[in-house]
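Inspection log for the structure reproduced underneath, given as structure tokens.
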Amino acid sequence: MLVRTHTFAWVLSALIAAPLAMAQDAPDPFDSDPFGESPAEPTAAPGEAPADSGSDAETTGAPGASEDAADAEGGEGAAAEDGAAVDDFGSELEDEYGFDPAGEFASTEEPEERDPWEGFNRAMFRFNDTADRWILKPVAVSYRQVTPIFMQTGFSNFFSNLHEINNILNSALQWKWGQAGNDSGRFLVNSTVGLGGLFDVARHMGLDPSDGEDFGQTLAVWGVPSGPYMVLPLMGPSSVRDAPASVVEWYTNPITYVNDGDVEAALKFLDVVQTRASLLQAEALLKGDRYVLMRDAYLQRREYLINDGATEDDFGGDMDEYDF
């Protein structure tokens, strides 16, 4: 009886320790590189047989040899089909969005130069991602499923029209008088003929919406450096320059001046939910390390907005000496 008791204790200890050891040896998904190449299979030296090959596989006409060859050909065919599917998926994304996400979000700048606080930023990213997964995203999905499309479009137009005030102010501060005039015309037309901005009538009158201006872009035009990348709790990606600029946007938002606090909170919450619902489809692009993709996408987007879409094209620069 004593022997059985000691045996049961050792077995129970082994069963408890096994999952802990496996969890300790398992790689952290946040530390692993999702784009890294898988380790290559060990190859046998010239003239040597593979380590895991048996004598039956070396014998011609051995039982099961033809089946193994067929399985190998089937595996190669499946791998080729998987590769073709990945290529087709990438081409579909490029056709739909007009760019290759992997190439667009890539950057030649060293990560430690633009993201020296990566440890803190990843912790904030996990906190925001958890809050989004359990609170904001389910609300946005339900909103997308319940609310009719025309109402979603009307809400989006309404909040975009209110944002035109911020665009006008920052366009004037950047001396972009043409854009300030265009945004002013959009706000006046949509606020009156468009029933408070629910309908984008100005678009049909030739007043197209701009990419938007904010005080962070204004500071960049004034020569303020961006500073390190940072992730703010519940607010998402930002930078040392853009974080204080969000305070200015709070005061330039007309909803801030609504007298009724409940109405103000409801409108701002609806704006957040509408914005999150509009990003549900684009979220499919985030494959692999979501933190790196969102960081690079944010930095690339900010650079695009600050330069008004102007990019440096070095292709053909060395060919100017040739007169074609």
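Where a number appears in this text, it was derived from the coordinates with a stated rule and is not lab data. Note that the structure is predicted; figures quoted are calculated from it, not measured. Quick reminder, even Gly has a Cβ in these numbers, built from the backbone with ideal geometry, and neighbours come from all protein chains shown.
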Query raised in the report: Any idea which of Pro237, Ala180, Gly223 is furthest toward the positive side of the dipole for segment 167-271, if Lys and Arg beta-carbons carry +1 and Asp and Glu beta-carbons -1?
Result: Gly223
Query raised in the report: Under unit Cβ charges (Lys, Arg +1; Asp, Glu -1), what dipole magnitude, rounded to 20 debye, does segment 163-228 have relative to its Cα centre?
Result: 100 debye
Query raised in the report: For segment 279-286, in order, what is each residue's ³J(HN,Hα) by Karplus, 6.51 cos²θ - 1.76 cosθ + 1.60 with θ = phi - 60°, in whole Hz (x at glycine and Pro)?
Result: 9, 5, 6, 5, 5, 5, 6, 7
Query raised in the report: Gain in length, Val263 to Trp222, computed as 0.36 nm per residue apart minus the alpha-carbon separation, to one decimal in nm?
Result: 11.2 nm
Query raised in the report: Which whole-number percent gives the relative contact order of segment 180-324, counting Cα pairs below 8 Å spaced six or more residues apart?
Result: 16 percent
Report summary line: Filtered hits (lysines, Cα-Cα < 25 Å from Lys287, offset >= 8 within chain) -> Lys137
Query raised in the report: Which chymotrypsin sites (Phe, Trp or Tyr not before Pro) in segment 222-288 pass both tests, a DSSP loop state and at most 14 other beta-carbon atoms within 10 Å?
Result: Trp222
Query raised in the report: Around Val258, what is the net charge, scoring Lys/Arg as +1 and Asp/Glu as -1 over all other residues with Cβ under 10 Å from its Cβ?
Result: -2
Query raised in the report: ³J(HN,Hα) across segment 198-210 via Karplus (A = 6.51, B = -1.76, C = 1.60, θ = phi - 60°), whole Hz, x for Gly/Pro?
Result: 5, 10, 8, 6, 4, 4, 6, 9, x, 9, 6, x, 8
Query raised in the report: Which ³J(HN,Hα) values in Hz, rounded to whole numbers, follow from the phi angles of segment 248-258 under the Karplus curve 6.51 cos²θ - 1.76 cosθ + 1.60, where θ = phi - 60° and Gly and Pro get x?
Result: 5, 5, 5, 7, 8, 7, x, 5, 4, 9, 6
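Given 4 °C and 1.567 mPa s, how large is the Stokes-Einstein diffusion coefficient of segment 178-229 in µm²/s, with Rh as the Kirkwood radius over Cα pairs?
103 µm²/s
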Query raised in the report: Just going by the charge dipole of segment 225-301, with Lys and Arg at +1 and Asp and Glu at -1 on Cβ, which of Ala266, Gln300, Ser246 is farthest out on the positive end?
Result: Gln300
